[in-house]
Amino acid sequence: MSTSATRRRAYHHGNLRASILRAAGRLLEWKGLAALSVRAAARRAGVSHSAPYRHFPDRESLLAALAAEGFRTLDRALREAGAGGGLRAPGEAYVRFALANPQCFRLMFGGDVRIRRDRALAEAATRVVERLSQAFTSQLPEPAGHDASIAAWSLVHGLALLLLDDKVAEAARRGREPEVFVRAVLSSIRFAARAPQPSA
């Protein structure tokens with residue numbers, strides 16, 4: 001079967017949206033956000049320029065869909081990391097995702113997409129926040145568990161950005177690979193094991 005016939009078959013079977021998202025995701029990581037457009041994604045996917053517009057009427061909708069898919073992928077990584085218990089594993093998974101998908105990570109948390117304007121994106125982002133919160137609320141009563149989850153999120157998010165922006169020199173890492181360094185940093189943190197006591 002020819003390549004064009006394969007593409008037509010994929011289109012008729014409803015795989016166009018997924019194909020465009022895959023192509024857009026690759027473009028995002030390879031060339032950055034500035035190079036990404038609906039037309040560029042269509043070209044990368046090997047379909048006509050007009051084909052994607054039934055799914056993505058504009059660039060903003062494409063970016064929102066990419067960010068939502070990124071949050072779903074991150075949520076799966078956090079869920080798998082948390083299956084064995086413990087608080088550091090989800091943090092390691094979070095930073096690992098950021099390092100593996102730097103441009104998508106920046107898109108998810110940057111100002112290029114407005115989370116509240118896209119329902120699917122808002123739901124996907126909310127699940128990630130809830131996943132992080134659950135790691136602590138299972139061990140700490142509210143509201144301490146929620147507050148601890150925000151503190152932990154701030155830590156791992158900041159660490160991810162420092163590594164992405166190459167702000168942690170190799171000397172500071174003492175020659176360790178990023179993943180080994182992240183594990184060591186998170187292992188050095190002693191998260192609250194009980195609710196804070198009220199002040200006198």
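Enumerate the helices (runs of 4 or more DSSP H) found wholly within the stretch 8-98, keeping only those where 2 or more residues are closer than 27 Å to residue 158 by Cβ, at pLDDT 95 or above and of a type in the set (Asp, Glu). Write out each step before concluding.
Values: elements: 16-31, 38-45, 59-82.
It comes to 59-82.
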* Looking at the stretch 169-188, which of the residues that are without any contact (Cβ under 8 Å) to a residue 60 or more places away in the chain and crowded, with 16+ Cβ neighbours inside 10 Å is farthest from residue 95 (Cα to Cα)? -> 173
* Among the candidates 122, 148, 135, residue that is part of a helix (DSSP H, G or I), under 22 Å from residue 72 (Cβ atoms) and in contact (Cβ under 8 Å) with a residue 40 or more places away in the chain -> 135
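The values are calculated or read from the model by the stated rules, or taken from the named source; none is laboratory data. Please read all numbers here as calculations on a predicted model, not as lab measurements. All Cβ positions, even for glycine, are placed from backbone atoms using ideal geometry, and neighbour counts span all protein chains on display.
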